[in-house]
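Notes follow the structure.
Readers should treat all values here as calculations from the given coordinates under stated rules, not as data from a laboratory. Note that the coordinates shown come from a computational prediction; the quantities given were computed from them, not determined experimentally. Don't worry about glycine lacking a Cβ; one is built from the backbone with ideal geometry, like all the others, and counts go over all protein chains shown.
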Amino acid sequence: MNITKFAGGAGLVLVATGLMACNPQETGNVVNARQAQTAQTVFYGTIVGAQPVTVQGGNATAEVVGTLAGGLLGGLAGNEVGKGTGRDIATAVGATAGAAAGNRIAGAATTVQATEWTVSLESGSTISVIQADPVFQMGQRVQVVQSGDGTTRLVP
């Protein structure tokens, strides 16, 4: 295998991994920049239910980078097999398999465990909010903070 091509592909994978790790999770304690210094509506309620959930993906950039990096590495590996038409086929198969694997790896890297909290609001309505942190107790009074874009988070 051409070491220069491999080193370039490996560097791309490292950059992609770094980008995936930089994706902060939106929790009750972490907000994104568009929520800062904006008016948000606050409701009050009580935790009446909790169920563990898995939040899959959600970082489209990481999934695209993972797909591209996987396709590049798979194509480079496939290009080292055979000659002529066989090499072309191996390159295409390697790129396709690498892209699929890269997408799955990126998706798994951005999967988190969270809780679906059921909240009985003082207004009489019941809502459900999925977030990873903080953890609440049954019967605990919480603030339900809702931004103009519909993003809702729970805080103690």
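Multiplying the residue separation of THR111 and VAL155 by 0.36 nm and subtracting their alpha-carbon distance yields 13.6 nm.
Rounded to whole numbers, the Karplus 3J(HN,Hα) couplings from phi for segment 73-86 are 5, x, x, 5, 5, x, 5, 8, 9, x, 9, x, 5, x Hz, using 6.51 cos²θ - 1.76 cosθ + 1.60 with θ = phi - 60°, and x at Gly and Pro. Compute the FRET efficiency between SER147 and VAL64 as 1/(1 + (r/R0)^6), taking r as their Cβ-Cβ distance and R0 = 22 Å, and round to the nearest 0.05. Efficiency computed from Cβ-Cβ geometry: 0.25. Extension gain, ILE130 to VAL53: 0.36 nm times the residue separation minus the Cα-Cα distance gives 26.9 nm. Between amide H atoms placed 1.01 Å from N, distances below 5 Å from GLY49 occur with THR118, all of them 5 or more places distant or on a separate chain. Please label the shape of segment 116-156 as rounded, prolate or oblate, based on the square roots a ≥ b ≥ c of the eigenvalues of the alpha-carbon gyration tensor (a/c under 1.5 means rounded; beyond that, a/b larger than b/c means prolate, else oblate). Since a/c reaches 1.5 but b/c is at least a/b, the shape of segment 116-156 is classed as oblate.
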